[in-house]
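Some notes on the structure that comes next.
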């Protein structure tokens, strides 16, 4: 059994090596030590003041650069919102519930040590109730293997010669061959891919060039190349479904099979005048390397879309786009702690990690790729643990007590504004 690197994890003595800490005595919750048949426990109790804040703090002995697993067992009594009121951290890394909160819950985290030698369990924003915790542990482990996805994105430059629908499909095939040579797990093509840089005189109208999925002419090219290179392919098409036409993005798997599609939920007014209908759902796709989501062009301006996808567990958010603003893309990644990949006609196509940092981009005609770690998604450069571990959509302990009410009130205001 690995050595427990928490000092005095059984709380023997006063308890020796453990202290109770609060910013000021006047806002400190109550604290005590209790003996139970299964062992000693440290207790933090509410005082009726919802702003009370404090923790039991112990000491660690960790090596910089080594990997560790931290755990602690927490028993919750009459705490209305455990996700907001109870949290623990080891060396500035927040522990999260191994399973949904119950009367007794194990909090856990795996981390690479950089700074800090403290183990802390906190109570905050609780007017009533108490927590008991026991069995704090930190053990050294081997560096864990993480899921890494290789993603590629395409940008079509201005063509040397006038394009037809057929020659544009040839360009699509060529770009997918270029991407396939990079051995990606997935590649993304732009919005309105079948007519990118194709003069309207060549295709008539959007209704004329709309195709069914998965059997349309562009879809057949996408399917064949996905199968040939053993990669997932996303592309924006003009999608016909009965009498309706949608601005959609389709996805094919490594065998060339149709996985599904996303239909743009925020068409611009111009699109509506062209007879393009609005989608009404936000699917996520569980692929063999991770969970992804797709949105299209104008959707990027509505932060609820990316936030919804983040709460739905998307790890990479793809954007098929004609125009758009890279600063918005970077913001969506940072806001939500998810990787972001754009394939664009006018701005550069980009791969942006969850911190908002651009790690690959192409401003001309070409394909770029990057390897994205899905299990470790950096947020930003702050060392302060509220920021450095994760964003609220991924770790609800980061929220303040006001957030539940804030979300309810925001939803009400948005509904009222849309009347």
Review point. Is it the case that residue 119 is buried (at least 20 other Cβ atoms within 10 Å of the Cβ), modelled with pLDDT of 95 or more, in contact with a strand residue (DSSP E or B) (Cβ under 8 Å, 6 or more places away or on another chain) and at positive phi?
Key: no
Practice item. Within region 209-226, identify whether any single residue is over 29 Å from residue 266 (Cα atoms) and either in the same structural domain as residue 268 (by TED's automatic domain parsing) or modelled with pLDDT under 95 (or both), and answer yes or no. Key: yes
**Study point:** strands (runs of 3 or more DSSP E) wholly inside region 54-155 that include at least 1 residues being touching a residue at least 60 places away in the same chain (Cβ under 8 Å) and closer than 30 Å to residue 172 by Cβ
**Key:** 148-155
Review point. So which residues in region 276-305 are farther than 26 Å from residue 254 by Cβ and within 14 Å of the chain's Cα centre (by Cα), if there are any at all?
Key: 303, 304, 305
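Table: residues versus (1) crowded, with 19+ Cβ neighbours inside 10 Å; (2) within 23 Å of residue 110 (Cα to Cα); (3) within 30 Å of the chain's Cα centre (by Cα); (4) assigned by TED's automatic domain parsing to the domain that holds residue 319.
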position: 136; (1), (2), (3), (4): yes, yes, yes, no
position: 140; (1), (2), (3), (4): no, yes, yes, no
position: 161; (1), (2), (3), (4): no, no, no, yes
position: 171; (1), (2), (3), (4): yes, no, no, yes
position: 185; (1), (2), (3), (4): yes, no, yes, yes
Study note, to complete from the structure: From the option list 204, 242, 236, single residue qualifying as at pLDDT 95 or above and out of contact with any strand residue (DSSP E or B) (no Cβ under 7 Å at 6 or more places or on another chain) is 242
Exercise for review: Among the strands (runs of 3 or more DSSP E) lying completely within region 235-342, list those that include at least 3 residues that are in contact (Cβ under 8 Å) with a residue 40 or more places away in the chain.
Suggested key: 244-252, 291-296, 316-321
Review point. Within region 163-189, can you find the residues that are in a loop (DSSP other than H, G, I, E, B) and in contact with a strand residue (DSSP E or B) (Cβ under 8 Å, 6 or more places away or on another chain)?
Key: 182, 183, 184, 185, 189
Practice item. Kindly establish whether residue 57 is assigned by TED's automatic domain parsing to the domain that holds residue 138 and either more than 23 Å from residue 125 (Cα to Cα) or surrounded by fewer than 12 Cβ atoms within 10 Å (Cβ to Cβ) (or both). Key: no
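Please enumerate the residues belonging to region 142-159 that are in contact with a strand residue (DSSP E or B) (Cβ under 8 Å, 6 or more places away or on another chain) and surrounded by fewer than 20 Cβ atoms within 10 Å (Cβ to Cβ). Talk me through it step by step, then tell me what you get.
Within region 142-159, the first condition is being in contact with a strand residue (DSSP E or B) (Cβ under 8 Å, 6 or more places away or on another chain), and the residues that meet it are 142-144, 146-155, 157.
142, 143, 144, 146, 147, 148, 150, 157, listed by residue number.
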Review point. Does region 325-354 hold any residues that are surrounded by fewer than 21 Cβ atoms within 10 Å (Cβ to Cβ) and either more than 12 Å from the chain's Cα centre (by Cα) or over 21 Å from residue 308 (Cβ atoms) (or both), and which are they?
Key: 325, 326, 327, 328, 330, 331, 346, 347, 348
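The values are calculated or read from the model by the stated rules, or taken from the named source; none is laboratory data. This is a predicted model, so every value here is computed, not measured. Positions of Cβ are backbone-derived with ideal geometry, glycine not excepted, and every protein chain shown enters the neighbour counts.
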